[in-house]
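Computed from the coordinates by the stated procedures, all read-outs in this text should not be read as laboratory data. For clarity, every value in this text was computed on a predicted model and none was experimentally measured. Positions of Cβ are backbone-derived with ideal geometry, glycine not excepted, and every protein chain shown enters the neighbour counts.
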Amino acid sequence: MTAGRTLKTADELHAAGLLDDSRLDPARAVAERYAIAVSPAVAALIDRDDPQDPIARQFLPTADELLTTTEERSDPIGDAAHSPVKGIVHRYPDRVLLKAVHVCPVYCRFCFRREMVGPQGDGTLSADELQAAIAYIREQPEIWEVILTGGDPLVLSPRRLSQIMEMLADIPHVKIVRFHTRVPVVDPDAVGDALIAALKASGKITYVALHANHPRELSDAARAACARLVDAGIAMVSQTVLLRGVNDDPAVLADLMKAFVENRIKPYYLHHPDLAPGTSHFRLEIAEGQRIVADLRGRISGLCQPTYVLDIPGGHGKAVIGESEIHRDGGGYTVRDFRGVEHAYPPRGQDED
Ligand code: SF4
């Protein structure tokens, strides 16, 4: 059990010893534009003696956020362009996002929806808005999967989550309900029997996609929370954002992906950071990301490999951006192995395996 309360202002972070005097004024300026929240579980993970601490970097505001570059945009992945009714994003034919809430238990400094989430954000859907969103899903028979995201849907009470699941349970063409969340890591004690029961509905398969970016986030309490979910029959996948100064190191990412698998969480997406405002200090070049991902291939088993993706700005969906390991070469191909050695395919001579 992690005692204490969530710290929500620059001054509270300063009083808790998480920001030194030199960082207080910039953090106050950041707070005028973007939400701040550091949960007790996250505060406990931060190494206060390490100025480069990868946990602190994800959650403590810095002056770097005051710089907005020309390519950054308030809606970096183009949700608005695909929102037929409030709370729904329908980008791909077979699935929708259902954004029931725009509040999170923590606020990540690199958040791609940072202009929409937080106390000043887009709020929680009213009962009527939720009904309209559910009606849209009901009327679109091609929708096979509903992805609750936001905001973090697991901040909703078990009673509200049950209501949503009951409404989805009545829609026969919806087979899969997926929750994107940081709660098992940042508030593991919240993952109790009532919440877990609320995530399940008769006839539907529930997935929980856990957002974590550094192996230290998978504390004993977080691992126990994930075990409770999986033991209850909920499948888990991971999503990670590739972040400079947090996990832009193949060894760190390898440890994270292995930790996911050891906890029955299938690595799913490794996101290239989006063009969210005030986040340029987190972004790598795509070529750097490709080198890191190529390095991962030789380090960890296929079970541990995430898919490196970019959300194309403007709402055009995800693109897989890992380096191609196969190229056309004359009438055949050249294919590169995990050591970087190239081979002809099909083999050209008897001396090749
Ligand atoms: S939990 Fe997700 S939506 Fe919330 S601040 Fe972090 S990245 Fe943004």
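A few remarks follow.
- The eigenvalues of the Cα gyration tensor, multiplied by 5 and square-rooted, give region 1-86 an equivalent ellipsoid with semi-axes of 28, 17, 12 Å from largest to smallest.
- Structure-based [θ]222 nm, the chain - -39500 (n - 2.57) summed over DSSP H runs of at least 4, per residue, nearest 500: -8500 deg cm²/dmol
- Among the lysines of the chain, pairs that are 8 or more positions apart or on different chains and have alpha carbons within less than 13 Å of each other number 4.
- Per-residue packing, averaged as other Cβ atoms within 10 Å, sorts the ranges 269-278, 49-58 into the order 269-278, 49-58, beginning with the highest.
- Evaluated with a Cβ-only charge set (Lys, Arg +1; Asp, Glu -1), the chain carries a dipole of roughly 860 debye about its Cα centre, given to the nearest 20.
- In this structure the amide hydrogen of Tyr207, modeled in the peptide plane, comes within under 5 Å of the amide hydrogens of Val177, Arg178, Phe179, none closer than 5 places in sequence on its chain.
- Cα pair distances of the chain binned at 10 Å [whole percent]: 5, 23, 32, 25, 10, 4, 1, 0
- Here the 3J(HN,Hα) profile of region 324-330, calculated from phi with Karplus coefficients 6.51, -1.76 and 1.60 at θ = phi - 60°, is 6, 9, 9, 9, 5, 8, x Hz, Gly and Pro shown as x.
- Largest GNM mean-square fluctuation among Glu145, Glu115, Glu32, using the chain with Cα springs under 10 Å: Glu32.
- Applied to region 256-263, the Karplus parametrisation 6.51 cos²θ - 1.76 cosθ + 1.60 on θ = phi - 60° returns per-residue 3J(HN,Hα) values of 5, 5, 5, 4, 4, 5, 4, 9 Hz, with x for Gly and Pro.
- Taking packing as the residue-averaged number of other Cβ atoms within 10 angstrom, the listed peptides 69-79, 247-257 run from highest to lowest as 247-257, 69-79.
- Comparing His316, His214, His343 in a Gaussian network model of the chain, where Cα atoms under 10 Å apart are tied by springs, the biggest mean-square fluctuation is seen for His343.
- Computed E for Asp193/Ala29 - FRET, C-beta separation, R0 45 angstrom, nearest 0.05: 0.60
- Highest mobility in the GNM of the chain, judged by mean-square fluctuation with C-alpha springs under 10 Å and restricted to Ala35, Ala100, Ala169, is found for Ala169.
- Kirkwood-based shape ratio for region 184-255, expressed as Rg/Rh from alpha carbons: 1.03
- Rel. contact order, % - alpha carbon contacts under 8 angstrom, at least six apart, the chain: 15
- Positive end of the dipole of the chain (Cβ unit charges, origin at the Cα centre): among Leu256, Gly315, Pro93, the Cα lying farthest that way belongs to Pro93.
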